[in-house]
Amino acid sequence: MQWNGLFRKISALKFSNWLNLTALITAIFLLWSLRDVVILIFAGVIIAMALCTLTAKINKLLALPRQFCLLISLISVILIFSMSMIIVVPQFTQEFQQLIIQLPSAAKTLWDIITIAIERISRIVYGENSSFVPSDIFVFKEFDPLPDGVVLANGITDSLRRLLDIAGNLGAGIIQTIFVLSISLMICVQPEAYREIVIQLMPSFYRKRSRKILLECGEALSNWMTGVIISSTFVALLAGISLYLLGIKLVIANALIAGALNIIPNIGPTVSTIFPISVALLDAPWKSFAILLCYIIIQNLESYLITPSVMHYQVKLLPAVTLTAQFIFTIIFGPIGLLLSLPLTVVLQVLVKEVLVHDILDKKDLVNPI
């Protein structure tokens with residue numbers, strides 16, 4: 001009986017209903033196939049929101065027309081970027097290259113420390129005459145070497161393939177960057193016009209409500225960016241001061257890495273500890289433990305001191321939700337999905353709260369055409 005009722009309801013659907021359903025399914029498949037472009041557009045929207053937020057603050061402070069405030073914002077960003085390229089970036093690039101070069105040596109030093117520790121534990125457990133060697137836990141298979149000509153040919157082929165891959169990735173990255181910046185500038189000039197385009201794609205009875213939801217999404221993104229800038233600046237400054245006091249080399253590179261990776265919750269702060277600990281292992285092993293302790297203290301200060309003080313700038317996200325979003329968006333969009341997982345989660349949280357919970361589950365009256 002239930003199946004018969006379901007079939008009757010399906011057969012009672014009008015042609016317009018079937019057309020709308022087909023259009024919805026087609027749009028979903030189209031968005032899925034173009035997800036790489038969609039995530040780039042979203043990145044452009046985030047940059048546009050940052051510029052619009054800065055423009056609004058300048059407009060409130062100087063009371064000038066919006067176009068002049070936008071021009072001041074762009075000039076300010078370009079000047080800051082240029083000064084960073086001239087002052088900070090060369091030093092950061094030099095230190096980062098040294099940091100990458102030192103990673104293999106740091107890994108060998110860490111392995112030596114682990115080897116000595118395992119040997120001491122084995123002597124304590126099995127006695128002083130124990131013949132246990134830590135390298136025994138790994139099994140290395142010997143392979144017959146290839147002829148020299150084959151090795152040389154394979155090496156040349158692999159080198160050419162890698163050069164082509166690097167060139168292709170670099171070219172694609174430049175094109176994607178230009179695309180994102182172009183999208184962000186176009187949105188900054190006429191944000192209301194682009195918002196209205198999205199609203200016009202909604203059903204007529206839901207457009208007024210859609211306008212309110214989009215404004216809430218924009219406000220949530222602006223608040224998130226303000227909170228992240230404050231938090232990341234705090235982490236970078238404290239990390240730099242701590243590394244300087246401990247006498248660790250490459251302070252600027254490690255401090256900027258700590259501040260930049262703080263944008264990525266859970267994963268970023270953990271990864272940021274690898275670089276300074278690697279440098280400390282080559283200097284004095286005890287400093288690596290001191291750095292780990294300092295970074296733990298910095299993250300706790302950021303979580304329990306800075307974050308509550310700027311909570312009115314941030315959107316509260318549960319840790320499990322953030323970690324799940326990072327995992328899902330990384331699978332769907334790749335590395336850029338991991339980088340943009342938090343703003344994506346901020347927007348989705350607003351949409352779920354306003355659309356799913358308030359408008360569907362709470363069954364509010366939405367018949368309020370504009």
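Please determine whether any residue of segment 234-250 is loosely packed, with under 15 Cβ neighbours inside 10 Å and either among the aromatic types (Phe, Trp, Tyr) or touching an Asp or Glu at 6+ places or on another chain (Cβ under 9 Å) (or both). Spell out the reasoning first.
From segment 234-250, those loosely packed, with under 15 Cβ neighbours inside 10 Å are 237, 241, 244-245, 247; that's our starting set.
This time we only want the ones that are either among the aromatic types (Phe, Trp, Tyr) or touching an Asp or Glu at 6+ places or on another chain (Cβ under 9 Å) (or both), so: 244, 247.
The answer is yes, given that some residue of segment 234-250 is loosely packed, with under 15 Cβ neighbours inside 10 Å and either among the aromatic types (Phe, Trp, Tyr) or touching an Asp or Glu at 6+ places or on another chain (Cβ under 9 Å) (or both).
Scan segment 273-291 for residues that are under 17 Å from residue 245 (Cβ atoms), touching a residue at least 60 places away in the same chain (Cβ under 8 Å) and open to solvent by 20 Å² or more (accessible area, probe 1.4 Å) and report the count.
Going through segment 273-291, the residues under 17 Å from residue 245 (Cβ atoms) turn out to be 273, 276-277, 279-280, 283-284, 286-291.
Next, only the ones that are touching a residue at least 60 places away in the same chain (Cβ under 8 Å) stay: 277, 279.
Checking the rest, the ones that are also open to solvent by 20 Å² or more (accessible area, probe 1.4 Å) come to 277.
The number of residues fulfilling the criteria is 1.
The values are calculated or read from the model by the stated rules, or taken from the named source; none is laboratory data. These numbers were taken from a predicted model, which means no experiment stands behind them. Glycine also receives a Cβ, built like all others from the backbone with ideal geometry; neighbour counts cover every protein chain displayed. We work out accessible area using only protein heavy atoms, side chains counted, and drop any ligands, DNA or RNA first. Shrake-Rupley method; radii C 1.70, N 1.55, O 1.52, S 1.80 Å.
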